[in-house]
Amino acid sequence: MDQAIPSAPTGPTGPLGHDHVLYAVRDGVATITLNRPEAMNSLTTVMKAALLEALERARDDAEVRAVLLTGAGRGFCTGQDLREHAANLEAGVGLDNTVRAHYNPIILTVAGMGKPVVAAVNGIAAGAGASLAFACDFRVVSEDAKFAMAFGGIGLAPDSGASWTLPRLVGPAKARELLILGDTVTAARARELGLATSVVPAASLADSAHELAVRLAQGPTLAYGAIKQALDHSAAHSLADSLEVEADLQDSCAKSEDHHNATRAFLAKQPPTFHGR
């Protein structure tokens, strides 16, 4: 049975503006749970605002050194709540600017997080829900989870960064196929394509995802952030430009306490301990 990540928080916890998004901190990991299982964690306007608030809170908290994003119940997230969307269509407001006002800031916050972000995909991830998982750095996927790029099936273009993240994960030809045909991708196929970092039994998803997040939280946070910046920059710039950015990032990391301590530990033949500064 699909499971959400259990929380045993030591820091601030609970709903942020809405009880459909939960936030808990444990072991340096901020766990953000989409908590609307009766609707497969589809996203309403209020829920999107609460998700962004939770992500910003994790981003700005120095005690948080990794983020874990998951869903409650049988689904990770099925994207936009279509009942709310249908009501908006009837009222003549269409998408009501939700892509620019809500989805874009959420994805930019996930992708631009100076800390690793792990998605624990516990069930179906469709539309913007799949895009949300693709924006994370790692995806630990339950063996019975599925991905579906459902945009074309309801006559819409991709959003939430799918046109950017998907080609970088699976290549442009496969991304075109997945987006246009909209076929459901099983967990095993997702692993073959590179959409899943790992596929694990549903019963062990919570432990496996948290274990990875804790490992990342105990690592060199500043270096991880620099790696993410370097990769994002190189995706759209020349080698010469990328070399310059690498040099700048390396100069910055070289000044960190983590680098100094790790260098001393290496010379002393001891394992390094990182503090994220």
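The values are calculated or read from the model by the stated rules, or taken from the named source; none is laboratory data. A quick note: this is a predicted structure, and the numbers were derived from the prediction, not measured. Every residue, glycine among them, receives a Cβ derived from its backbone with ideal geometry; neighbour counts consider all protein chains shown.
Scanning segment 68-122 for residues that are at pLDDT below 95, β-branched (Val, Ile, Thr) and outside any loop (DSSP other than H, G, I, E, B) turns up THR98, VAL99. Across segment 106-133, the number of residues qualifying as within 12 Å of ASP159 (Cβ to Cβ) and among the hydrophobic types (A, V, I, L, M, F, W, C) comes to 5. Filtering segment 42-63 down to residues that are closer than 20 Å to GLY123 by Cα and more than 15 Å from the chain's Cα centre (by Cα), which residue is surrounded by the most Cβ atoms within 10 Å (Cβ to Cβ)? Once the filter is applied, the top-ranked residue is LEU43.
Selection of first residues in segment 142-164 that are without any contact (Cβ under 8 Å) to a residue 24 or more places away in the chain and of second residues that are in a loop (DSSP other than H, G, I, E, B), restricted to Cβ pairs under 9 Å at least 6 apart or on distinct chains, gives the following pairs, ordered by first then second residue: LEU156/LEU95; LEU156/GLY127; LEU156/ALA150; ALA157/PHE151; SER163/ALA157; TRP164/ALA235. Quick one: which residue in LEU166, LEU205, LEU195 is in contact with a Leu (Cβ under 7 Å, 6 or more places away or on another chain), assigned to a helix (DSSP H, G or I) and assigned by TED's automatic domain parsing to the domain that holds GLY114? So the residue among LEU166, LEU205, LEU195 that is in contact with a Leu (Cβ under 7 Å, 6 or more places away or on another chain), assigned to a helix (DSSP H, G or I) and assigned by TED's automatic domain parsing to the domain that holds GLY114 is LEU166.
Restricting to segment 169-192, what's the tally of residues that are in a helix (DSSP H, G or I), exposed (fewer than 15 other Cβ atoms within 10 Å of the Cβ) and either touching an Asp or Glu at 6+ places or on another chain (Cβ under 6 Å) or among the β-branched types (Val, Ile, Thr) (or both)? The total comes to 1.
A quick yes/no check of all residues on (1) at pLDDT 95 or above; (2) outside the structural domain of CYS136 (by TED's automatic domain parsing); (3) aliphatic (A, V, I, L, M):
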| position | (1), (2), (3) |
| --- | --- |
| VAL170 | yes, no, yes |
| GLY182 | no, no, no |
| VAL185 | yes, no, yes |
| ALA188 | yes, no, yes |
| VAL199 | yes, no, yes |
| HIS210 | yes, no, no |
| ALA236 | no, yes, yes |
| SER252 | no, yes, no |
| GLU257 | no, yes, no |
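Which residues, taken from segment 139-159, are buried (at least 20 other Cβ atoms within 10 Å of the Cβ) and either at pLDDT 95 or above or in contact with a Pro (Cβ under 8 Å, 6 or more places away or on another chain) (or both)? Answer for segment 139-159, where residues must be buried (at least 20 other Cβ atoms within 10 Å of the Cβ) and either at pLDDT 95 or above or in contact with a Pro (Cβ under 8 Å, 6 or more places away or on another chain) (or both): ARG139, VAL140, VAL141, SER142, ALA145, LYS146, PHE147, MET149, PHE151. Could you tell me whether segment 209-230 includes any residue that is more than 28 Å from HIS275 (Cβ to Cβ), touching a residue at least 24 places away in the same chain (Cβ under 8 Å) and either exposed (fewer than 15 other Cβ atoms within 10 Å of the Cβ) or touching a Pro at 6+ places or on another chain (Cβ under 8 Å) (or both)? Among the residues of segment 209-230, not one is more than 28 Å from HIS275 (Cβ to Cβ), touching a residue at least 24 places away in the same chain (Cβ under 8 Å) and either exposed (fewer than 15 other Cβ atoms within 10 Å of the Cβ) or touching a Pro at 6+ places or on another chain (Cβ under 8 Å) (or both), which makes the answer no.
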